[in-house]
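Worksheet: the structure to be examined is printed underneath.
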Amino acid sequence: MYVWPCAVVLAQYLWFHRRSLPGKAVLEIGAGVSLPGIVAAKCGAKVTLSDSAELPHCLEICRQSCRMNHLPQVPVLGLTWGHVSQDLLGLPPQDIVLASDVFFEPEDFEDILTTVYFLMQKNPRVQLWSTYQVRSADWSLEALLYKWEMRCAHVPLGSFDADKEHIADSALPGRHTVEMLVISRAEEGPVHMVSVSGLYLLRLW
């Protein structure tokens, strides 16, 4: 099983904020190996892991990670971005949605945000904690964030001890350029555009 560099950075963010996690409802989307979700569960969060319902081998990897980490109680759901399924409808309100390197293919961006938007209808305070690897300066979330009434804040890696090539005695993230974002529901107030490594962000001050 391969752990992507973004997953290690997101797991570090969770560990840095571990005291705020006990009892929180946390959903990881596009989980795969599920390192961030596993860390959240070990820190006391009520975690649900998910990956595409169309990729049963990915769901089995999620289950295998749970077994290897002695977390058989963590549910694994097939959630396909942009699809409203019975499993999505049945989810209780979530506090945090985790997404590691899901902003990979531009054609998936809106499906991801519509899924998050649906979860915001259940809990307007839910936040998407996401890491992404910088691969291109030619794509942007700006229009989609505006369309789906969301705001986005960039989190400096140095603020949670992730501005290094080796985290937690691992070889990751290495020399890959990884960014950390927190996306939440937009509220009234001045909106400022911020460009970070080709990704346009919305930040409220």
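The values are calculated or read from the model by the stated rules, or taken from the named source; none is laboratory data. Remember, predicted model here, so these are calculated numbers, not experimental data. Positions of Cβ are generated from backbone atoms using ideal geometry, with glycine treated the same way; all protein chains shown enter the neighbour counts.
Could you say which residue among Phe103, Phe118 is in contact with a helix residue (DSSP H, G or I) (Cβ under 8 Å, 6 or more places away or on another chain), modelled with pLDDT of 85 or more and not in a helix (DSSP H, G or I)?
Phe103 is the lone residue from the list that is in contact with a helix residue (DSSP H, G or I) (Cβ under 8 Å, 6 or more places away or on another chain), modelled with pLDDT of 85 or more and not in a helix (DSSP H, G or I).
From the residues in region 156-185 that are modelled with pLDDT of 70 or more and of a type in the set (Gly, Ala, Ser), which one is nearest to Pro36 (Cα to Cα)?
My answer is Ala162.
How about region 3-39: which of its residues are in a loop (DSSP other than H, G, I, E, B) and either of a type in the set (Asp, Glu) or farther than 21 Å from Pro72 by Cα (or both)?
Pass one, region 3-39, residues in a loop (DSSP other than H, G, I, E, B): 3-4, 17, 21-24, 30-34.
The answer is Trp4, His17.
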Looking at region 167-181, is at least one residue touching a helix residue (DSSP H, G or I) at 6+ places or on another chain (Cβ under 7 Å) and within 19 Å of Ile29 (Cβ to Cβ)? yes
From Leu59, Leu14, Leu49, Leu35, residue being under 19 Å from Asp87 (Cα atoms), surrounded by 24 or more Cβ atoms within 10 Å (Cβ to Cβ) and modelled with pLDDT of 95 or more: Leu49
When both residues are 6+ apart or on different chains and their Cβ atoms are under 8 Å apart, which pairs have a first residue that lies in region 2-15 and is under 10 Å from Tyr132 (Cβ atoms), and a second that is at pLDDT below 95 and assigned to a helix (DSSP H, G or I)? Val9/Leu157
